[in-house]
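For reference, the structure discussed in these notes is given below.
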Amino acid sequence: MSDNGDKAAIGLIGLGTMGSALALNIADNGYKIAVTNRTVSRVAEFTRDAGDLAKNLVGCDDIASFVASLETPRAIILMVPAGQAFDDQIEALKPFLDQGDTIIDAGNTNFHDTRRRDAALAAEGFRFIGMGVSGGEEGARFGPSIMVGGPVESFTPIEPIIMAIAAKYQGDPCAAHLGPDGAGHFVKTVHNGIEYADMQLIAEVWGILRDGQGKSAAEAGALFDRWNEGDLKSYLVEITGKALGSVDAETGKAMVDIILDRAGQKGTGRWTVIEALGLGQSASTIEAAVGARSWSAVKDVREAGAEILKVTPEGGASVSEEDLAEALLAARILAYAQGFDILTAASETYKWDLDMARVAEIWRAGCIIRSALLDDISAAFRGDMPKGRLILAPAFAKRLIAGSAALRRVVASAAMNGQPTPAFSAALAYFDTMRQARGTTDLVQAQRDFFGAHGFERVDQPGAHHGPWAMNPK
Ligand SMILES: NC(=O)c1ccc[n+]([C@@H]2O[C@H](COP(=O)([O-])OP(=O)(O)OC[C@H]3O[C@@H](n4cnc5c(N)ncnc54)[C@H](OP(=O)(O)O)[C@@H]3O)[C@@H](O)[C@H]2O)c1
């Protein structure tokens with residue numbers, strides 16, 4: 001930024017959970033930051049509670065004084081809910097801005113909105129950055145993973161601040177400019193989709209341990225703790241161990257046992273699935289996870305189903321803890337692979353030229369899906385990768401082959417015991433489909449041509465072909 005004397009290097013609007021944490025992170029890294037908030041009383045409260053960091057905070061009670069307190073050209077982070085609230089905030093801000101000032105959307109915004117705003121604001125002479133921030137409140141405060149999209153020249157002035165506040169993986173900042181317009185928010189959306197899948201896979205393991213093997217939450221938690229020492233090492237496995245080991249102070253029961261089995265969702269998982277389908281892809285493991293949350297919401301139907309749809313499953317062999325660990329690792333790889341397939345398709349469609357290895361690298365610390373796998377994934381993208389597919393990269397093909405027997409046993413055993421494993425089942429179906437050089441879509445094509453004259457390709461001649469669908473005389 002230019003030298004503007006005593007002015008703040010950057011501004012932030014929206015002192016909610018994420019905005020407060022991000023502002024403190026920026027102040028903690030030695031940058032002076034101006035802050036303001038819709039509910040004005042929050043500003044004084046925030047600066048009062050900031051302790052020593054208050055010296056780097058400029059609390060402002062209105063937009064005019066907020067904008068006036070910033071170095072020019074200005075850079076302003078908006079950390080308010082995505083959608084109309086965000087558009088309203090931009091409109092409220094614009095009259096106070098000058099051409100060349102930059103608005104940074106650090107929320108979970110749909111990348112279509114980011115593309116629209118990027119074009120509209122550029123036409124008015126403003127700069128716009130769509131910036132995905134992952135890691136929850138803790139990440140925002142002490143180092144998130146940051147996925148930046150927008151014109152690179154808009155990012156350059158704020159790059160030192162973003163690199164300073166990002167999580168570090170062995171000293172490497174987990175932040176990168178990934179591409180123009182909506183690239184950053186799209187990568188963040190797919191990140192969240194993978195997060196949904198990983199959380200669902202872990203929850204399905206919990207279901208097998210609890211309902212199939214009679215394990216208590218504490219026993220299951222100890223298993224996740226152990227797994228976190230090995231190939232499954234990851235933030236989500238780590239917090240699962242801790243969550244399962246936690247006890248409700250009121251009842252003395254395991255926390256997880258007193259929580260209603262009904263999950264909410266904010267939209268990014270669903271967006272991932274919608275975009276995947278729009279791009280001609282199928283993120284089936286992520287879709288299974290999104291669907292499982294929707295099914296969880298109809299608790300009353302499930303309670304009725306437990307009474308009405310009574311069946312006695314045949315039963316199957318119980319799976320070992322080793323099988324569960326290997327299956328979880330294989331399915332996790334397949335979920336990541338589907339996520340990267342969507343990124344590849346979007347990168348081609350929107351001409352983003354995403355660097356997949358770099359995407360994997362900036363997910364290695366600070367974000368919710370950080371795991372030991374990501375270092376290997378980035379190495380795979382930098383190496384030999386047939387068809388650009390992670391599942392075909394030698395190191396991952398080897399791991400999937402090794403884990404596939406356990407994955408199959410987990411899915412088969414759960415099915416025979418009547419336990420739902422939608423994400424595991426979807427992962428296995430994807431794996432088996434990608435191993436099938438000749439599938440069964442020949443018949444689908446036949447049906448399509450039969451009823452709708454849609455045409456088909458032949459295995460032995462080029463061009464488009466049709467029936468006739470005359471029956472052979474018997
Ligand atoms: N929480 C997470 O773990 C997480 C992680 C990554 C990304 N995100 C994203 O970060 C963004 C902020 O999330 P959050 O969890 O910090 O939300 P939050 O705690 O609910 O805070 C929302 C902030 O936006 C302000 N706000 C709400 N409606 C507004 C409006 N119509 N006009 C102006 N300001 C308005 C609020 O001001 P008041 O004080 O006046 O209500 C508050 O400062 C969202 O896009 C979210 O999806 C969240």
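The values are calculated or read from the model by the stated rules, or taken from the named source; none is laboratory data. Keep in mind that what you see is a predicted model, and the values were worked out from it rather than measured. Using ideal geometry, Cβ is built from the backbone for each residue, glycine included, and neighbour counts are taken over all protein chains shown. Just the protein is used for accessible areas: all its heavy atoms, side chains included, with ligands, DNA and RNA removed. Shrake-Rupley method; radii C 1.70, N 1.55, O 1.52, S 1.80 Å.
Observations on the structure shown:
- Gyration tensor over the Cα atoms of region 204-296: the corresponding equivalent ellipsoid has semi-axes (square roots of 5 times the eigenvalues, largest first) of 29, 17, 12 Å.
- Radius of gyration, Dmax [region 322-474; alpha carbons; angstrom]: 19.9, 67
- Relative contact order computed over region 178-301 (Cα-Cα under 8 Å; 6+ residues apart), in percent: 29 percent
- Take every DSSP beta bridge whose two residues both sit in the chain; close to 30 percent of them are antiparallel.
- The C-alpha radius of gyration of the chain, expressed as a fraction of 2.2 N^0.38 Å, stands at 1.10.
- Summarising the amide proton neighbourhood of Arg370: residues at separation of 5 or more, or on other chains, whose placed amide H is nearer than 5 Å comprise Tyr235.
- The value given for region 1-105 is a Kirkwood hydrodynamic radius of 13.5 Å, derived from the mean inverse Cα-Cα separation.
- Expressed per residue, the C-alpha convex hull volume of region 189-434 stands at 136 Å³.
- Ligands, DNA and RNA left out, the accessible area of region 133-210 computed with a 1.4 Å probe is 56% carbon and sulfur.
- Per residue value of the accessible surface for region 113-245 (all protein chains in place, 1.4 Å probe), Å²: 35 Å²
- Residues of region 275-401: accessible area per residue with a 1.4 Å probe, Å²: 45 Å²
- Leading residue at positive end of dipole, the chain (Cβ point charges), from Val273, Leu428, Met199: Leu428
- Percent of Cα-Cα distances greater than 18 Å, calculated over region 49-186: 56 percent
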